[in-house]
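What follows is one structure encoded as structure tokens, with my remarks underneath.
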Amino acid sequence: MSDEMQAEQIEQLIGALRDDNEALRDHAIASLSQVGADAVGPLIGLMADEDVLVREAATSAIVRIGPSVVDPLIEAMDMREAQRTYEANLNVITVTRQMLGRTLDILKS
């Protein structure tokens, strides 16, 4: 199977994880676990989905893929933590600038 065809198959299976039909979600989980490591990236993205059923389905598929996904999972969690740290630092800078601006306004008056 070509990379393009496999990427399309993964995309369709990921979409099926959002379906209301439990049997269809179960089939998508089994199929994604057979795809293996190539499905890990999209599945990791779904682990932060707002829908608990989607998160559970993604987690089930990752667990079925097996131990080969441990390193990509750790990397994704590190990236997510780095993003949170970056966003927190930006918020601190924004608040500091606002406070500095207010302080300068008070000193000018």
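Got a sec? Which of Ala58, Ala16 is among the aliphatic types (A, V, I, L, M) and at pLDDT 90 or above?
Ala16
Sort out which residues of the range 67-104 are charged (D, E, K, R) and either under 30 Å from Leu43 (Cβ atoms) or at pLDDT below 90 (or both), and write them in order of number.
Listed by number, the residues that qualify are Asp71, Glu75, Asp78, Arg80, Glu81, Arg84, Glu87.
Mind counting the residues in the range 84-109 that are of a type in the set (Phe, Trp, Tyr) and over 27 Å from Ala48 (Cα atoms)?
Qualifying residue count, the range 84-109: 0.
Any residue at all in the range 85-94 that is in a helix (DSSP H, G or I) and surrounded by 16 or more Cβ atoms within 10 Å (Cβ to Cβ)?
no
Please find, among Asp71, Asp49, Asp78, the residue that is out of contact with any Ser or Thr (no Cβ under 9 Å at 6 or more places or on another chain), in a loop (DSSP other than H, G, I, E, B), within 30 Å of Ile29 (Cβ to Cβ) and of a type outside the set (Gly, Ala, Ser).
Asp49
Would you mind finding the one in Ala23, Ala7 that is assigned to a helix (DSSP H, G or I) and more than 18 Å from Pro72 (Cβ to Cβ)? So that I can check it myself, show each step before the final result.
Numbers: Ala7 fails: more than 18 Å from Pro72 (Cβ to Cβ).
The match here is Ala23.
Could you count how many residues in the range 16-44 are touching a helix residue (DSSP H, G or I) at 6+ places or on another chain (Cβ under 8 Å) and not hydrophobic (A, V, I, L, M, F, W, C)?
The total comes to 10.
I need the full set of residues from the range 7-39 which are out of contact with any Asp or Glu (no Cβ under 9 Å at 6 or more places or on another chain) and of a type in the set (D, E, K, R), in order please.
Correct list: Glu8, Glu11, Asp19, Asp20, Glu22, Asp26.
Each row is one residue, and each column tells you yes or no for (1) within 13 Å of Leu13 (Cα to Cα); (2) crowded, with 16+ Cβ neighbours inside 10 Å; (3) touching a residue at least 40 places away in the same chain (Cβ under 8 Å).
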site	(1), (2), (3)
Leu24	yes, no, no
His27	yes, no, no
Gly36	yes, no, no
Leu46	yes, yes, no
Glu50	no, no, no
Arg55	no, no, no
Ala61	yes, yes, yes
Val69	no, yes, no
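Counting only residues that are over 22 Å from Pro67 (Cβ atoms) and either hydrophobic (A, V, I, L, M, F, W, C) or in contact (Cβ under 8 Å) with a residue 40 or more places away in the chain (or both), how many does the range 1-13 have?
3
The values are calculated or read from the model by the stated rules, or taken from the named source; none is laboratory data. These numbers were taken from a predicted model, which means no experiment stands behind them. With ideal geometry, Cβ positions are generated from the backbone for all residues, glycine too; neighbour counts draw on all protein chains shown.
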